[in-house]
Amino acid sequence: MFINPTHLKKLMTAAYKGGGIRIGYFDEGYIIIAGTWMVWLDVNYIPNKVKAIIMELAGVLPEEDTVFIVSKEKPMPQTEMDIHSYFHINTLEKEAKYPVTLSNVLLDKHFNVYRLMQVNESKQLVMMDMNHLNLIDLNEIDYDQENTLSGPCTNFGQSMYFWRNATCTLLLMGTAVPAENPVITALSVIDFEKEAKK
């Protein structure tokens, strides 16, 4: 997988202490959902350290085709009866046809740091929380079992951005850039895809 387990634990714990975290088992992998991010991990390759995080927070691993929510306020896993289409993250990723370029521009807003991204075809700019991007760790990839990751990619009109390889899929929700901001207006004329190739 290309997910940093230490940072994953940090984000999972924050979600557990907040509104709760959803953990499920769909499409031959575990899914972990916390508000603005989601990850799918192939059940045959999920590291034991990630299973240990789930056990630490929930006390149980999910059964196939089920999802539960657990939180500090409600520590007993509550099975959800409604199975939503977004639980099938790999299906959503296959529909994301448009490549996105990660720029080197960082924006500091409301005590959070965001990295500017651009949809290659539309040139639409979007901000991505660095706290979420820090989930990606190429050093965690086991090249004997998996390939390097592809992405990010998206679909027009959506705020979902995907990264994927053979054993892992990551979905992050982007944030709209500030409207009528002179800095954003100036940056919007840059073709970051071309700049990245120089």
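The values are calculated or read from the model by the stated rules, or taken from the named source; none is laboratory data. For clarity, every value in this text was computed on a predicted model and none was experimentally measured. Glycine also receives a Cβ, built like all others from the backbone with ideal geometry; neighbour counts cover every protein chain displayed. These area figures cover heavy atoms from the full protein model, side chains too; ligands, DNA and RNA do not enter into them. Shrake-Rupley method; radii C 1.70, N 1.55, O 1.52, S 1.80 Å.
Does residue 141 satisfy the criteria of being open to solvent by less than 40 Å² (accessible area, probe 1.4 Å) and either at pLDDT 95 or above or among the hydrophobic types (A, V, I, L, M, F, W, C) (or both)? For residue 141, the condition - open to solvent by less than 40 Å² (accessible area, probe 1.4 Å) and either at pLDDT 95 or above or among the hydrophobic types (A, V, I, L, M, F, W, C) (or both) - is met.
On the given criteria, is residue 120 open to solvent by 60 Å² or more (accessible area, probe 1.4 Å) and at pLDDT 90 or above? Criteria not met by residue 120.
Scanning region 157-176 for residues that are of a type in the set (Gly, Ala, Ser) and either in a strand (DSSP E or B) or closer than 20 Å to residue 121 by Cβ (or both) returns 157, 159, 174, 176. Within region 117-140, the residues that satisfy the criterion of being more than 17 Å from residue 11 (Cα to Cα) and in a strand (DSSP E or B) are 117, 118, 119, 125, 126, 127.
Assess whether residue 156 counts as being open to solvent by less than 60 Å² (accessible area, probe 1.4 Å) and among the aromatic types (Phe, Trp, Tyr).
Judged against the criteria, residue 156 is not a match.
Taking first residues from region 22-42 that are over 15 Å from residue 66 (Cβ atoms) and part of a loop (DSSP other than H, G, I, E, B) and partners that are open to solvent by less than 10 Å² (accessible area, probe 1.4 Å) and at pLDDT 95 or above, the Cβ contacts under 9 Å between residues at least 6 apart in sequence or on separate chains come to 35/21; 36/172.
Residue by residue, here is whether (1) open to solvent by less than 10 Å² (accessible area, probe 1.4 Å); (2) out of contact with any Leu (no Cβ under 9 Å at 6 or more places or on another chain) holds:
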{"residue": "4", "(1), (2)": "no, no"}
{"residue": "24", "(1), (2)": "yes, yes"}
{"residue": "28", "(1), (2)": "no, yes"}
{"residue": "32", "(1), (2)": "yes, no"}
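Criterion first (under 24 Å from residue 39 (Cα atoms), of a type outside the set (Asp, Glu), buried (at least 16 other Cβ atoms within 10 Å of the Cβ) and out of contact with any Cys (no Cβ under 6 Å at 6 or more places or on another chain)) does residue 187 satisfy it? Criteria not met by residue 187.
Does residue 167 satisfy the condition of being among the β-branched types (Val, Ile, Thr) and closer than 22 Å to residue 4 by Cβ? It is true that residue 167 is among the β-branched types (Val, Ile, Thr) and closer than 22 Å to residue 4 by Cβ.
Of everything in region 75-113 that is over 19 Å from residue 37 (Cβ atoms) and either touching a residue at least 60 places away in the same chain (Cβ under 8 Å) or touching a Pro at 6+ places or on another chain (Cβ under 6 Å) (or both), the residue that is most open to solvent (accessible area, probe 1.4 Å) is 99. Within region 47-74, track down each residue that is out of contact with any helix residue (DSSP H, G or I) (no Cβ under 9 Å at 6 or more places or on another chain) and surrounded by 15 or more Cβ atoms within 10 Å (Cβ to Cβ). Scanning region 47-74 gives 66, 69.
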